[in-house]
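Read the structure below first, then the notes.
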Amino acid sequence: MAKITFQDAVTKTVEVPDGTNMIEAAKLAGVEIPHFCYHPRFTVVGQCRMCLVEIDGMPKIQAACTTPIKDGMVVKTSSPKTKDAQKSTMEFLLINHPLDCPICDQAGECKLQDNSFGYGFQQSRYDERKKQYAGYSRTKIGPRVIADMTRCILCTRCIRFTQEISKTGELTFLDRAGSTLVWTHEGRELDNDWSACAADVCPVGALTVEEFRFRQRVWYLKKTPSVCPGCDIGCNNSIESRGETVYRYMPRLNPDVNDYWLCDHGRFLSESLNERAYTRPIARVSGDDTFPGWEPVLDRTVAALRETTGANVLALGSAHLSNEENWLLRKLFGDTLGVPNLDVVADGDRVRTMPSKHGWIESSGVAAANLRGARDAGLAPRAGGKGLEDVYSGAWTPEIVYVADGAFSRDADHPDRVAALRRATLLIVHARTENLLTREADIVLPCASLAQKDGTFTNRFGRVQRFERAMLPKPPVKADWEILLALALKLGFGDPGWNPLSIFPLLAADVPGYAGFDEAQLEGGLTMKKGLFVSEGGL
Amino acid sequence: MKKLRYSSAPSGEPFAFTDGESREIEAILARYPTRQAALLPLLWLVQARTRWISREAVEEVARVLGLTTAFVDGVITFYTMYNLDPVGRHELQFCTSISCHLNGAEELLARCEQKLGIHAGETTPDGKFTITEVECIAGCDRAPSMQVNDRYYEPMTAEKLDDLLATLAKEA
Amino acid sequence: MAYERTLLARIDKENSRSIDGYVRDGGYQAWEKILREKPEPASIAETVKKAGLRGRGGAGFPTGVKWTFIPKDTKGKPIYLVLNADESEPGTFKDRLLIERDPHLVLEGMAIAAYAIGCKRAYIYIRGEFWDGARILNDAIREANEKGYLGENLKGSGVALEIVVHRGAGAYICGEETALLESLEGKRGQPRVKPPFPAVSGAFACPTIVNNVETIACVPLIMNRGAEWFASIGRNEKNTGPKLYCLSGHVNRPGVYEAPMGLPLKELIFGDAFGRGMRDGRKVKAVIPGGASAAMLTPAEIEDCPLDFDGVAAKGSMLGSAAIVVMNEDTCMVRAARNLAKFFAHESCGQCTPCREGCPWLLTVLTRIEAGAGRPEDIALLSAVAKQMNNGMTLCVFADAAVAPVLSTTGKWPDEYAYHVEHRRCLVGARQEAFA
């Protein structure tokens, strides 16, 4: 252990394990040492020279990130010498940097802006031509990332990302001295499963995500913790929204799952959260859509369920629904109504991988977040019960089919499979987006997106993680759990005061393996902020 | 007027090492504990035959050594002696660092540019001459110093330059 | 007065490169003695320490001390010796001479050093432009292998040594030892963060010693004639041994001169055995004492200036690579500074912010001033920018080198800068016209 003293605006001493990077030690002491090229997951390069500090007993200014800490060190993070060095580095960084802030997506989460504001100076002494990079500015460097080399400060974070994390090595320095830039081999692209992460780690607007380009100023974005719906690794992300629109996903720092990263596939699912085809309940009568409102359609459903026996009903959950929703479905249909025909399916997909802090994590090859949770909740045919396959094969035709997620899999657009489900007398579907199944259904119940409800998902390894709602669904749209609860109350199950937060303990007591849940694990990773000083979880 | 070096030009033809070169590569690899360390020697091997390093050659070298093409690009663009475009038969390299500068190097270079009708960094249309401005080549006591391909010509004078250009122009 | 040639004893001999000639002149005797007697390797470092040999590449670090930095326990890692033959400092050409004319002296020095540190495979990193030098060294290595001075089980001693020539490809920064190691490993020549230092983690993450050609060439001399002999040459016990001085610029007889460490600068320029004064009867105006990276000296400052590490340091400059470039009164100091700024702007590796951005900035401002487009604030700006680039601001000391010409010329010839800015033309040119 080593005791380090930081003489900042106030003097703070902190004791840290040997080998701790000085920038991290400062963070632990609540002191900011501004930097660009340092990143906790990449090799330390000491190139940007922003983290220069005066250290007692060392005549020359030192880069904090490359100076090994020693017990008793006194680091003067705001002495005149340190401040001069910071101003000097900021001056050098800005002499060629274009005045793009008004048109640059990075504004508001830009380390250059923040460090300039905090440690730079007002006036520029540079009155020469700025470097131009014809052909290498405002150009796509890969299918999902746009590059602008006039903005690049050559910190090599993106290069180190491709070398050390994605291990795809597409990026390199080219040329040398003042003409140096970052690019790929001519004819190749920055194209790997995590390419947008290179834009995440870029401290300026040199690498930006094309999907987000010019769409929103980041200071208007609300950050809500969520879990990625793309596969069953359960990467922690933030829904970044304004009003009713989701603008992007950003990673949340969870070293045990996705660490600092998101894969491009999952990241760009954010846009799908904005799709909505259904805004009010639909009851189809002789092929025509009618909009009677919630009470009539729920009452009609209740009446139909009461007229038949559980053996004639199929209740279909979903790997896209939360644990709370799948559990409510099972409790209502399985336990209360005695329906033995419960099921859940999920689309297959290629196996996806994420570089967690402790090594690569693989998905199981499903294209949904919560297959494990749905199965744990008990969504499988019970003894003597039938499943989806029996309906598809024609072996069994249920009277009532209740689909709690109209987009449960690609089956919903499969003509033969939808036709099989359509043979039921009454087809009820929760739906947000349109497909063959929702067009065939007798009753369509408009449900919330993942951004509009709370809940938990269980990843393939049994890790239960919470996601929160970024916005309320616009009435009369309801969250799937709200719809199921409303139905349940009419059928004599449930409490009107229930919500996902209160349902979870009930679920945990009822489902094997879910008791004694770890609150820290449930909460998941740290919401990450770019640019601003954060003691932990800075991008 | 420093030329930007961001990628090597494509030659339009696939590049493959000859059998002799492949044997040489094995010998080179045996001299280093890593394959990556053989990169500079392999690039010299390519340039010894073709006099420049085409994009196809970059891709082949990367394949042989198990490196990414981006990595090899990073190396060839860093070092000034690796040619990213075809060069003329005679690469005229004029040093203009301090000692040569004090002894008329720029005037000599200007004379050569004027005689050949091209600027430093360019190649004559007939492919005979390329002019390059280089930094100190350790010929300071024989300033102004220059190299043509792998040979020193020092000290160079205006008259000697005229003779040299005439002689080299005559070569087949 | 001419001094005895020891380092340069053989360079004018016919066939000086051949191993037969080298052996006939007593070469490889020191190496054979070591192979025969197998002394304690540490004793060789002791001898070199006693001799007071300091690195002749530019830094002047005591060589024998450097060799002791190799850890006792390398945890199974091989130890490497790398010869720095990248000689690229403007004004320097001594290593080229040694390599081209007495390669076996260099090889024998490497062999002894390799034995002293426990190295079995050594590399010569030679700059790409030394085409002849690389060929000559490879030929010499082949000869040495044939005659049993390199290879396996040398002279039945059980000692093995392989020397590999590795050619650079045009980058001054690869003379910096960690950038050299990066280049040896097949990467861009970008200097490394220190610590770790090469003696602990150098080539291929193994303990490594990097030595300059001239430094290594001194080693056989020390072994043959003794540490006391070496230490007896030179101005004092901190600046010992014979030294090669590279003289160039506006002198009558530029060239490599061997003299005891501490030769007075004026003697080198004007001595009959050395530079023989200024060409065409001109006067000295400025002298670079140690390569482009060294602060320039005024005529007053070259009085009583011993050319050794401490002597030049006392004048506020450095001996560096002992490249003495002499400028006469017709030299425009702004133009000279601009030429040096161009060099540094081309050769910066581009890794770190102050150097990458500062060197082109200095060049741009100097170019404007020289061309007559200088602004009143430019001169102060040059100094201010230069002072933001040195003393720890950068990852390596390239930037400290780059600003030395700017700081010394703006500091010592301010009237020339002022004239360029105010009158939009050169003071030297104006004086010449006025005189004519």
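The values are calculated or read from the model by the stated rules, or taken from the named source; none is laboratory data. Model, not experiment: these values are computed from the prediction. All Cβ positions, glycine included, derive from the backbone under ideal geometry; neighbour counts span all protein chains shown. Note: areas computed on protein heavy atoms with side chains; ligands, DNA, RNA excluded. Shrake-Rupley method; radii C 1.70, N 1.55, O 1.52, S 1.80 Å.
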Correct response: the longest run of chain A lacking exposed GluC sites (Glu not before Pro), defined by DSSP loop and at most 11 other Cβ within 10 Å, is A:1-274
Quick one: if you stick a label point 7 Å off each Cα along the C-beta vector at A:D495 and A:A520, how many nm between them?
3.0
If contacts are Cα pairs under 8 angstrom and at least 6 residues apart, what is the relative contact order of chain A in percent?
12
Size of charge dipole - region A:280-512 - debye, nearest 20, with Cβ of Lys, Arg +1 and Asp, Glu -1, no other charges
500
Cross-link reach from C:K120 to lysines, straight Cα distance under 24 Å and at least 8 residues apart if same chain, gives C:K33, C:K38, C:K49, C:K66, C:K72, C:K75, C:K77, C:K147, C:K155, C:K187
What are the residues whose amide H is under 5 Å from the amide H of C:D308, where those residues sit 5 or more places off or on another chain and H is modelled from the backbone?
C:G262
Here P(r) for the protein assembly as shown, Cα-Cα distances in 10 Å bins, as whole percents, is 2, 9, 16, 18, 17, 13, 9, 7, 5, 4, 1, 0, 0
Using the Cα centre of the protein assembly as shown as origin and beta-carbon charges of +1 (Lys, Arg) and -1 (Asp, Glu), tell me which of C:M318, B:L43, A:P415 is placed farthest towards the positive end of the dipole.
C:M318
For region B:24-100 and region C:307-330, distance of Cα centres in Å:
36
Rounded to the nearest 0.05, what FRET efficiency is calculated for A:H265 and B:K128 with R0 set to 60 Å and r the Cβ-Cβ distance?
0.65
Result for interface chain C to chain B, accessible surface buried in total, 1.4 Å probe, Å² to 100, stands at 4000
Dividing the convex hull volume of the alpha carbon atoms of chain B by its residue count, what do you get in Å³ per residue?
134
Value of D in µm² per second that Stokes-Einstein yields for chain A, Kirkwood Rh from Cα pairs, at 20 °C (1.002 mPa s):
83
Using 0.36 nm times the number of residues separating B:E171 and B:R31, minus their current alpha carbon distance, what extension gain do you get?
46.6 nm
Shape verdict for region A:174-216, please, from the Cα gyration tensor: rounded (a/c under 1.5), prolate (a/b greater than b/c) or oblate.
oblate
Kindly report the accessible area of chain C per residue (heavy atoms of protein chains, probe 1.4 Å, no ligands, DNA or RNA), in Å².
34
Cβ-defined net charge surrounding C:Y22, 15 Å radius [Lys, Arg +1; Asp, Glu -1]
-4
What shape does region C:19-231 take by its C-alpha gyration tensor, where a ≥ b ≥ c are the square roots of the eigenvalues and a/c under 1.5 counts as rounded, a/b above b/c as prolate, and the rest as oblate?
rounded
All-pairs alpha carbon distance profile, region A:42-166, 10 Å steps from 0, percent
11, 34, 34, 17, 4, 0
Rounded to 0.05, the calculated FRET efficiency for the beta carbons of C:K50 and C:A205 at R₀ = 30 Å is 0.40
Kindly provide the helix-only [θ] at 222 nm of chain B, computed as the sum of -39,500 (n - 2.57) over DSSP H runs of four or more divided by all residues, to the nearest 500 deg cm²/dmol?
-13000 deg cm²/dmol
Return the carbon/sulfur percentage of the accessible area of chain C, one whole number, probe 1.4 Å, all protein chains in place.
52
Which three extents, in whole angstrom, do the alpha-carbon atoms of region A:262-409 cover along their principal axes, largest first?
55, 38, 28
Please compute the modelled spin-label separation between C:E228 and A:A9, points set 7 Å along Cα→Cβ, answer in nm with one decimal.
6.8
Between the helical axis of C:414-423 and the dominant principal axis of chain C, each derived from Cα atoms, what acute angle in degrees is found, rounded to the nearest 10?
50
Between A:F291 and A:F117, what's the calculated FRET efficiency when r is the beta-carbon distance and R0 is 51 Å? Round to 0.05.
0.45
For the pair C:D272 and C:E40, how long in nm is the line joining their label points, each one 7 Å along Cα→Cβ?
5.1
Once amide H atoms are built 1.01 Å from N in the peptide plane, which residues 5 or more positions from A:L379, or in another chain, come under 5 Å H to H?
none
If one takes the accessible area of chain C alone plus chain A alone and subtracts that of the pair, with a 1.4 Å probe, what total in Å², rounded to the nearest 100, results?
2700
Can you grab the distance from the C-alpha centre of region A:410-470 to the C-alpha centre of region A:138-166, Å, no decimals?
38
What stretch of chain C, leaving out the sites themselves, is the longest with no GluC sites (Glu not before Pro) in a DSSP loop having at most 11 other Cβ atoms within 10 Å?
C:15-236
Accessible area (Å², per residue) of region A:1-117, counting only protein heavy atoms and a probe of 1.4 Å
39
Pick out, in residue order, every one of the trypsin sites (Lys or Arg not before Pro) in region C:380-436 that is DSSP loop and has at most 12 other C-beta atoms within 10 Å; say none if there are none.
C:R424
Using the Cα gyration tensor of region A:257-348, with a ≥ b ≥ c the square roots of its eigenvalues, what is the shape: rounded (a/c below 1.5), prolate (a/b larger than b/c) or oblate (neither)?
oblate
What is the angle, in °, between the Cα long axis of helix C:103-117 and the longest principal axis of the Cα atoms in chain C? Nearest 10 is fine, range 0 to 90.
70
With +1 on each Lys and Arg Cβ and -1 on each Asp and Glu Cβ, and nothing else charged, work out how big the dipole of chain C is about its Cα centre, in Debye to the nearest 20.
460
Given the DSSP H assignment, sum -39500 (n - 2.57) over each helix run of at least 4 residues in chain A and divide by its residue total; what's the result at 222 nm in deg cm²/dmol, nearest 500?
-6000 deg cm²/dmol
Report, in degrees rounded to the nearest 10, the 0 to 90 angle that the Cα long axis of helix C:131-146 makes with the longest principal axis of chain C.
10
Based on the Kirkwood radius over alpha-carbon pairs, what value in µm²/s does the Stokes-Einstein equation return for the translational diffusion coefficient of region A:145-239 at 10 °C and 1.306 mPa s?
107
Largest first, how would B:D73, B:D141 line up by accessible area (1.4 Å probe)?
B:D141, B:D73
Diffusion coefficient in µm²/s returned for chain C by Stokes-Einstein, Kirkwood Rh over C-alpha pairs, 10 °C and 1.306 mPa s, is 70
Dipole in debye (nearest 20) - region C:290-364, about Cα centre, beta carbon charges: Lys, Arg +1; Asp, Glu -1
460
Output needed: percent of Cα pairs per 10 Å distance bin for region C:236-328, bins running from 0 to the one holding the longest distance.
19, 57, 22, 1
